[in-house]
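Single-structure report; data block below.
The values are calculated or read from the model by the stated rules, or taken from the named source; none is laboratory data. Just so it is clear, the structure is predicted and the values come from calculations on it, not from any experiment. All Cβ positions, glycine included, derive from the backbone under ideal geometry; neighbour counts span all protein chains shown. Accessible surface is based on the protein model in full, side chains and every heavy atom, while ligands, DNA and RNA are left aside. Shrake-Rupley method; radii C 1.70, N 1.55, O 1.52, S 1.80 Å.
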Amino acid sequence: SLPNMTVLEVGDATDVESVLDAAYAVPGPVYVRMLRGEVPRLFAPDEPLRLDTPRVLSKGDDLTVVSSGICTEEALRAVAVLTHRGLSITHLHVSTLKPFDSPLYDEFLGLGRHGILTIENHLLNGGLGTAVAEKIVELGLKRPLIKLGLRDTFSHGASKAYLMREHGLDAMALISAAQRLVKTSFAIDEDELAAVRIEAVHSDAKAEAL
């Protein structure tokens, strides 16, 4: 909400390696949010983070998933399993939370006929979900939206996996939300999710690349 502030959030090692180049090119203050410690490589090393340009990880016309930060790894896992169940999913990874003006949102947000899901490591108000909701209104889209994030609460010290499960920010939470939108139960369990291995993918990645 600060004027003239650019807000970036990295989701993997490729984002981390390239975020300072993007920040340095901004003629003003930049806030960069990243996880401490080791982070996985989800995206191809030759596709650096680009300012206000979401990564289009898959394209489909059933659902649209928009993820950011550490939630993108969980979203990739959920999308892979749901795709194998027959759902056609558009998945956008967002690394620039402000500004939020890319024409790619105009192109891709409306593809999912059943609705849009956002997932973020942030309060439900004022973050990615809010930016997507505002964009939906601006574009005049008639799509239901489910926002996954922190529900106006502080968290506590614990492992990342535990906290993401506790606050409904993991792959299973995303699958549950997807089931609500499409009004179908896919009977997906934790063992099936645990078996999904995420390799580094290129933008516009096809499902078979996961």
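Positive end of the dipole of segment 67-168 (Cβ unit charges, origin at the Cα centre): among Ala131, Ser159, Leu97, the Cα lying farthest that way belongs to Ser159. Fully extending the segment from Leu123 to Arg36 would add 29.4 nm, taking 0.36 nm per residue of separation and subtracting the current Cα-Cα distance.
The packing ranking, built from the mean of other Cβ atoms within 10 Å per residue, places the peptides 116-126, 180-190 in the order 116-126, 180-190, highest first. Full extension of the chain segment joining Glu199 with Asp46 gains 53.6 nm, where the gain is 0.36 nm per residue of separation less the Cα-Cα distance.
Working note: Cα gyration tensor of segment 9-101, eigenvalues times five, square-rooted, sorted largest first, giving semi-axes of 25, 15, 10 Å.
For segment 38-156, the relative contact order comes to 29 percent (Cα pairs under 8 Å, sequence separation of at least 6).
Relative contact order, percent, of the chain when contacts are C-alpha pairs under 8 Å separated by at least 6 residues? Taking the mean separation of contacting Cα pairs over the length of the chain, I get 24 percent.
Report, in deg cm²/dmol and to the nearest 500, the calculated mean residue ellipticity at 222 nm for the chain, where each DSSP H run with n ≥ 4 adds -39500 (n - 2.57) and the sum is divided by the residue count. After summing the helix terms and dividing by the residues of the chain, the value is -9500 deg cm²/dmol.
Distance between the C-alpha centers of segment 115-141 and segment 23-58? Whole Å please. If you average the Cα positions of each part, the centres end up 19 Å apart. Share of carbon and sulfur in the accessible area of the chain stands at 53%, probe radius 1.4 Å. Among beta bridges from DSSP that stay inside segment 1-134, the antiparallel ones total about 25%.
In percent, rounded to a whole number, the relative contact order of segment 1-44 is 54, using alpha-carbon pairs under 8 Å and six or more apart. Please work out whether segment 47-206 counts as rounded, prolate or oblate from its C-alpha gyration tensor, where a ≥ b ≥ c are the square roots of the eigenvalues and a/c under 1.5 means rounded, while otherwise a/b larger than b/c means prolate and anything else oblate? Verdict is rounded for segment 47-206. Under the convention that each Lys and Arg Cβ holds +1 and each Asp and Glu Cβ holds -1, the size of the dipole of segment 94-210 around its Cα centre is about 360 debye.
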